[in-house]
Amino acid sequence: MVGLREKQKADRKERILRAAVERFRADGYRSVRIEDLAEAAEVSVGTVYNYYLTKGDILIATVAMEVEEVLDAGKAIVADPPPGAEAALMKLITGYYDHSLEYLSKEMWRTAMALSIQEPDTPNGRHYTDLDRRLAAQVTDLIKVLQKRGDLPPRLDAFALGQVVFNTLNMLFIEFVKDAPMTLADLRDQVGRQIKTVTRGIAGTA
């Protein structure tokens, strides 16, 4: 019975999030009410509030759904990266980018970022920051693998380099969501040039 209740709870939460993805993308985050999400998910308004205290909670939960999936995909890349530091880092980063609009629109990303900045000490703000930290940690994990394999010098501070790479990809992503006409191809091209410069500079071939 406990297992069935947990399954039903997980199903309701997923329905709410799927409804949020659909309605936020179609109508815009600010226009959608909790009542609209409850109707789309076929649950009561009270049920929505049982799981999420605010509409912002629901938005950050959609971000988490996105990030959890890219982290899972990234594990396989870290476990068996393609040859060469540049190719390996680009595979991981473009995996992040290519999934970024699976659930969220650019407007949804901008709103989620604003929530995390405006209220950094709230549960939403802390959750968003933790997701960023986990992504940065995965980049660092890949760098450590590349060092062990000889694709990057072992003398480098893996954590510091991971922060440099993550901050680069994160800042470019912020510019991407701010710029409505900018495409994923444009984003990939920009990060490709920067990662090429970093990795070749490290190797002394820039």
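Each residue of region 9-19 is assigned a 3J(HN,Hα), and the resulting list reads 5, 4, 5, 5, 4, 5, 4, 5, 5, 5, 5 Hz, derived from the Karplus form 6.51 cos²θ - 1.76 cosθ + 1.60 (θ = phi - 60°), x at Gly and Pro. Would you work out if region 103-206 is rounded, prolate or oblate? Take a ≥ b ≥ c from the square roots of the eigenvalues of the alpha-carbon gyration tensor; rounded if a/c is under 1.5, else prolate when a/b is larger than b/c, oblate otherwise. Since a/c reaches 1.5 but b/c is at least a/b, the shape of region 103-206 is classed as oblate.
Would you please put 155-163, 181-189 in order of how densely packed they are, using the mean number of other Cβ atoms within 10 angstrom per residue and starting with the highest? It would help to have the intermediate numbers written out before the result.
Details: 155-163: 14.8, 181-189: 12.7.
Top of the packing list down: 155-163, 181-189.
Its Cα centre serving as origin, region 15-119 has a Cβ charge dipole (Lys and Arg +1, Asp and Glu -1) of approximately 200 debye. Taking a ≥ b ≥ c as the square roots of the eigenvalues of the alpha-carbon gyration tensor, region 1-84 is classed oblate because a/c is 1.5 or more while a/b is no larger than b/c.
Distance cut-off 21 Å, Cα to Cα: go down the list Lys55/Lys75; Lys75/Lys106; Lys91/Lys148; Lys9/Lys75 and report the pairs above it. Working shown, then result.
Values: Lys55/Lys75 31 Å; Lys75/Lys106 26 Å; Lys91/Lys148 18 Å; Lys9/Lys75 28 Å.
Exceeds cut-off: Lys55/Lys75; Lys75/Lys106; Lys9/Lys75.
With a cut-off of 15 Å between beta carbons, the residues surrounding Ala76 carry a summed charge of -4, where Lys and Arg count +1 and Asp and Glu -1. For region 31-45, backbone phi angles converted through the Karplus equation (6.51, -1.76, 1.60; θ = phi - 60°) give residue-by-residue couplings of 7, 8, 9, 4, 4, 5, 5, 4, 5, 5, 8, 6, 9, 7, 4 Hz, Gly and Pro being listed as x.
A short reminder: the numbers here are calculations on the coordinates, not readings from a lab. Predicted model, so just to flag it, every value in this text is computed and none were measured. Don't worry about glycine lacking a Cβ; one is built from the backbone with ideal geometry, like all the others, and counts go over all protein chains shown.
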